[in-house]
Each structure stands twice: as structure tokens, then as C-alpha cells.
1. Can you list the strands (runs of 3 or more DSSP E) found entirely within segment 10-129 that contain at least 1 residues being modelled with pLDDT of 95 or more, over 24 Å from residue 234 (Cβ atoms) and out of contact with any helix residue (DSSP H, G or I) (no Cβ under 8 Å at 6 or more places or on another chain)?
2. With respect to residue 172, determine if the residue is assigned to a loop (DSSP other than H, G, I, E, B) and on the phi > 0 side of the Ramachandran plot.
3. Can you tell which of 247, 260, 238 is closer than 23 Å to residue 69 by Cβ, at pLDDT 95 or above and outside any helix (DSSP H, G or I)?
4. So, residue 229, is that one in contact with a helix residue (DSSP H, G or I) (Cβ under 6 Å, 6 or more places away or on another chain), crowded, with 18+ Cβ neighbours inside 10 Å and under 30 Å from residue 101 (Cα atoms) or not?
5. Could you tell me which of the residues 290, 269, 258 is more than 19 Å from residue 48 (Cα to Cα) and either in contact (Cβ under 8 Å) with a residue 60 or more places away in the chain or out of contact with any strand residue (DSSP E or B) (no Cβ under 9 Å at 6 or more places or on another chain) (or both)?
6. Residues in segment 60-75: is at least one over 30 Å from residue 184 (Cβ atoms), under 18 Å from the mean Cα position of the chain (by Cα) and surrounded by fewer than 24 Cβ atoms within 10 Å (Cβ to Cβ)?
7. Scan (1) more than 16 Å from the chain's Cα centre (by Cα); (2) within 20 Å of residue 138 (Cα to Cα); (3) in contact (Cβ under 8 Å) with a residue 24 or more places away in the chain for the single condition residue 213 breaks and write down its number.
């Protein structure tokens, strides 16, 4: 057995109790195994567990922030299992999110399909005033219903901007229905289309400046180009690159207060670990930027 294989099955493979126990952790990682409304590729129900497994092979030092954010404490809580109906699942996730936020921790939810973000965002909106949402995604997810349910992965942003009336910035969008396109003018959202931003960095400040003081950050991993992440439910061509994404996140963390985040839509495929590792790394680097002011520098140069 290798050293990494012997590490505990938590996010980051953190062996030291002082940095992984619930009581001493600033950050909670919350895995959700749910793919109840998938409409194309499957595997998202196993995605969270695969990302956590892959994270055990990451280096926990981040070279851009010169810090080890895990030393603020990262605790991985029990996975939320799937429930019989989408409505029951969303209610259960909302209630658990409320309990977790009552502990005044930073919650990182790992899905699962993207529908699971809506109840978590709702709980954050009730705790944090003046909240907006930054979404990285290939799809607008603004359908009022899909396949007979308003709790679909294709409807998560409709729940956010229509029902909850939370303003949003949507980045990397390159696929939507005609009904979504017709409804755009009446919605509190600003879209940065993939065709206009890929390969550039002059839009980062504009995107972040369009957000309110408190921001919930939701990542549908299909927002990145499928040459980087092919293991996702609907791998749309033409997405964001790694450094474009990291640049946006860095800008966000340094100009706004990120109060919660999630990453969804990674689809587990046996033998394809690169996508899971990228997801784990993206979460960890986001945490490094979000908590940059609270972490100690390692090299002090």
C-alpha cells in the first residue's frame, strides 16, 4: 500500500486530527450522491466520492498563495444519500444546509447533479444579506421545469433568479433553449458567453464587479472545456481553460466575500481519474484564494 492509499478518506487525505476534526475546522466539505434528474450521461451520483478520493493525492501547499489552507481545518461530513423524489431531496438538502450554516462554518458542497445547488443557495440567502450568485457553467439552467419537475439540473438558476430573486452572473454559457433565450430580458442575470471570453482575461473584473458584496459560487464542471474535463453529463465544446478559470476565482476572492461554494456535475467513469483530480484541485485552489487573508505564508518571500 502506498502512502497516499493509507491516508484517511476525507477531502485532502488529512491525517492530522487537529486539521480534520469537526470541532476545529473552519471549512466543511459536504458530499451529495444524487443524480435523480439526469437527462444524458450518468455517473454524477458517484462523483463526490470520486473527487474526495482523488483529493487525497493533492499537494496541500498552494504555490500561488504560498499557504496551506487545510491548516484552517477541513472536515468532511457524512454524505447525503439520494431520496425517492426530487422534491424530497431538495427539502432534505435545504434543512441540512440550514443546520450546517448554523455552525458558522464555510460549506463546500460537492455534487451530484447541479439541481442540488438550489436548496443550498436558498439556505445561504437566508443567512447572508445582499447575496448574489456566480455560476460557471456551459448551460444557462434557466428552464422553469424540465422532464416534469422544477427541481431539475436544467432549472437550478431559474430557482435562484426567478423564485429566490437572487441576482446572478453566469460565465462560460454556450448552450440554452429557445424559451430560456426569450426569457433573458426579464431576469436578474448577466451572461458572459463563452464565445466572447475564452482565451481572454479582460472580462474578470467586469464579471466580479457585477456581483453584490456577498457571493455564493457554484461551479458546474462542464463550464470548463471538455478537453480538460470529459467526465461530465453534457460535455459541451468550447469552454473555459484552467488559467482563465483560476484568474476569475482569484479576482472574485480578492474583491468580494465568498460565503459558500459548490462543485457539481462531475460524472464518475472508472479508470478516468484525471477529471476527478482536476475537480479536487479546483476546489482546493478556490479555498486557498477565499481564505488567503487568514492563512500564514510559508516562504515569506
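1. 74-76
2. Considered against the rule, which asks whether it is assigned to a loop (DSSP other than H, G, I, E, B) and on the phi > 0 side of the Ramachandran plot, residue 172 comes out as no.
3. Exactly one residue qualifies, and that residue is 260.
4. No: the conditions fail for residue 229.
5. 290
6. yes
7. Failed condition: (2).
Here's the yes/no breakdown for (1) modelled with pLDDT of 95 or more; (2) over 20 Å from residue 162 (Cα atoms):
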site	(1), (2)
174	yes, yes
177	no, no
191	yes, no
205	yes, yes
208	yes, yes
215	yes, no
220	yes, no
223	yes, yes
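The values are calculated or read from the model by the stated rules, or taken from the named source; none is laboratory data. Keep in mind that this is a model prediction, so the values were computed, not measured. As a convention, Cβ positions derive from the backbone with ideal geometry for all residues, glycine included, and neighbour counts pool all protein chains shown.
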